[in-house]
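Everything on this sheet refers to the single structure shown next.
Since every read-out is calculated from the coordinates, none of them should be taken as a lab result. Keep in mind that this is a model prediction, so the values were computed, not measured. Cβ placement follows ideal geometry from the backbone for every residue including glycine, while neighbour counts extend to all protein chains displayed.
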Amino acid sequence: MDERLNAFKSILFALSDAAVFLFTKPLGILLLGFCLLLAAAARLWTALSNRRLAAMAAGEGFGLAAAAGAALRELAGLGVKAAGALPALAGLGAALVLLVGIADATRSVDDYVAGRKKLEELTATVLNVERRYKAVEARIDEAGAGRIKATLSFFDYRNPSAAARTQTIDIAGKELFIDAIVCNFDYSAISAGKTVNLAIPFKVFSDEVPEAEGVALSLVDEKGVPIMYRRSPDELYGISPTAYDARLAELMDSMRTDQAARGAGIVRSLYGDAVHRGVKTGDDFTLWVEQSGGLSVKDGDSF
Amino acid sequence: MRSRSGARRGSPLIGALLVLASFAAGGYFWFQYSAASQKQKITRLEELSARLRSETVPLKFMVLSRDGGEIRARIRMYDLSGREIAVLERSWPGSELYIDILLLPFRSENVGVKADSWLALPYRIFTDRLAASSGSVLFEAYDRGGFPEVLGGIGLSPGERADIVSSFASARESAAGGSPATAAAKGAFGSAVHEVSELSRLEPGIVYKVVCRIKGGVEIMED
């Protein structure tokens, strides 16, 4: 049905475009005028040839005056025929206008339908890129006298309501750094909703304590898979546990092999990001994974 | 009598034609309005999508060498038009370079920009072996009479410029007073982007850029 409709549309658009070209564009009008002149000239030439042959057969001369007279009579005849055909020409004109109108209306409807599809895609794209996922919630239990005691809750992006693990830390300093490996995927994959950018927190340090001496976060299992992204079999839908594990391992591999990931065009950037804030007792803030890229920090009371 | 009856017969036809024409005209105008409205929505979403993907690059860097437990790098800073405004080259103890960007919440006066946006200021450089408080603070490198030149190069209203100068002054004061510069404004935070030895080593001789996103995210990408 679609094929037939498309074939019909192609013919309609071709006829409409031809009519618009011939009757509204200077080149088209010139071409049309030239064709009409050519037809009239051919008609005149045929008439004069016939008349000359008839004159020769009758043994009469066919001079310039006779030829001019015959040509004028033929042209007058053409004019009379054209005048007689005016209603038909007007009908043809009206039909062409209708044809162009229908073609334009069809195009407008097609554009509108295509616009609706584009609108849906753009809306999904914006929603996907604008989205953010909670990765860590930090609550400062105590801060002062050069020490920070905090409780960190780590979240899986698929289950933001319950922490996958909670860990308390005690470190010297005034500013808390939460260090994470960040993997930003290509925008095409993010905007299509095929994947989400990932953040794997791995260490906490401070303004006084360098990263090398920071507190490691035990968030990776024995297979090297972050615990936030592990699933029990009954949590998986539409994918077998084996396939999920394989996919996850593949993903982790691709993150480990930076060159391979970039070569495959799936990872836009892979790096570490230690987001930080000066803290005081009672502070709470959330670390978000932005789908537009990177990490951001928001106050606990921002939402 | 015949003509009156003819008029009676004609009236419903004319009426029906008028109703039909009204529906056609109404349909036409509704369609035109819907199409125009759809175009506006598409334009707005395209702008929003482009805005979400937009990036600024306040800083580029290149690791020059890693010798004897030190990492040497050249840092170049740029304004928003891409003009280089400062260059710094030095060594730090350690093996992983941390480039700290201070993100201060900012509300632009630009029409249509309602979402949160951030001022991204290169803050300091430290390493995995050098604590952040002992790192190299970068504010002085691009301070031009109190205005952070990394945010120059675009048209700013006097109000926006004043807000930026005020935020920058607060950040500098906090940093100079031994407090975290993130204390300069409510909601401010820092993002110290760095290499991770096991995953993505920064190759000496290759230029990397620090990309700041509109929603506060910061990335390291190869230039």
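Annotations
- Across the cross-link table entries A:K149/A:K203; A:K134/A:K280; A:K194/B:K41; A:K194/B:K60; A:K134/A:K174, which are compared at the Cα atoms, the separations over 26 Å belong to A:K194/B:K60.
- Axis of helix B:158-176 versus longest Cα principal axis of chain B: the two differ by about 30°, to the nearest ten degrees.
- Using the Karplus relation 6.51 cos²θ - 1.76 cosθ + 1.60 with θ = phi - 60°, the per-residue 3J(HN,Hα) values for the range A:183-188 come to 10, 9, 7, 4, 4, 5 Hz, with x marking Gly and Pro.
- Per-residue shielding of B:184-194, expressed as the average number of other chain Cβ atoms within 10 Å of the residue Cβ, stands at 6.
- Ranking A:A40, A:V109, A:F21 by Cα position along the charge dipole of the range A:12-142, where only Lys, Arg, Asp and Glu carry charges on their C-beta atoms, puts A:A40 farthest toward the positive end.
- The residue among A:L86, A:A54, A:L152 whose Cα reaches farthest toward the positive pole of the charge dipole of the range A:52-167, with charges on the beta-carbon of Lys, Arg, Asp and Glu, is A:L152.
- Peptides A:59-65, A:283-289, A:167-173, A:112-118 ranked from most to least packed give A:283-289, A:167-173, A:112-118, A:59-65, packing being the mean of other C-beta atoms within 10 angstrom over each peptide's residues.
- Using θ = phi - 60° and Karplus 6.51 cos²θ - 1.76 cosθ + 1.60, couplings along the range B:142-150 (whole Hz; Gly, Pro as x): 10, 7, 10, x, x, 9, x, 5, 4
- Charging the Cβ of each Asp and Glu at -1 and of each Lys and Arg at +1, and nothing else, the dipole of the range A:33-120 about its Cα centre rounds to 100 debye.
- Shielding by partners, peptide B:209-218 (average Cβ within 10 angstrom, other chains): 6
- Scanning residues 5 or more positions from B:E70 or on other chains, those with amide H under 5 Å from its amide H are B:G94, with H placed 1.01 Å from N in the peptide plane.
- Evaluated with a Cβ-only charge set (Lys, Arg +1; Asp, Glu -1), the protein assembly as shown carries a dipole of roughly 3560 debye about its Cα centre, given to the nearest 20.
- When chain B is treated as a GNM with alpha-carbon contacts under 10 Å, the residue of B:A131, B:A192, B:A184 showing the greatest mean-square fluctuation is B:A131.
- Order by protection proxy (mean Cβ within 10 Å, highest first), peptides A:293-299, A:87-93, B:212-218: B:212-218, A:293-299, A:87-93
- Projected over every direction and averaged, the convex hull enclosing the alpha-carbon atoms of the protein assembly as shown yields 47.3 nm².
- Shielding by partners for peptide B:32-40, expressed as the average number of C-beta atoms from other protein chains within 10 Å of each residue's C-beta, is 2.
- Lys/Arg +1, Asp/Glu -1 at C-beta; the protein assembly as shown dipole; positive extreme among B:I154, A:A71, B:F139: A:A71
- Residue-averaged [θ]222 nm for the protein assembly as shown, counting only DSSP H segments that reach four residues, each worth -39500 (n - 2.57): -14500 deg cm²/dmol
- The GluC sites (Glu not before Pro) of the range A:94-154 include none that meets both conditions, a loop assignment by DSSP and at most 11 other Cβ atoms within 10 Å of the site Cβ.
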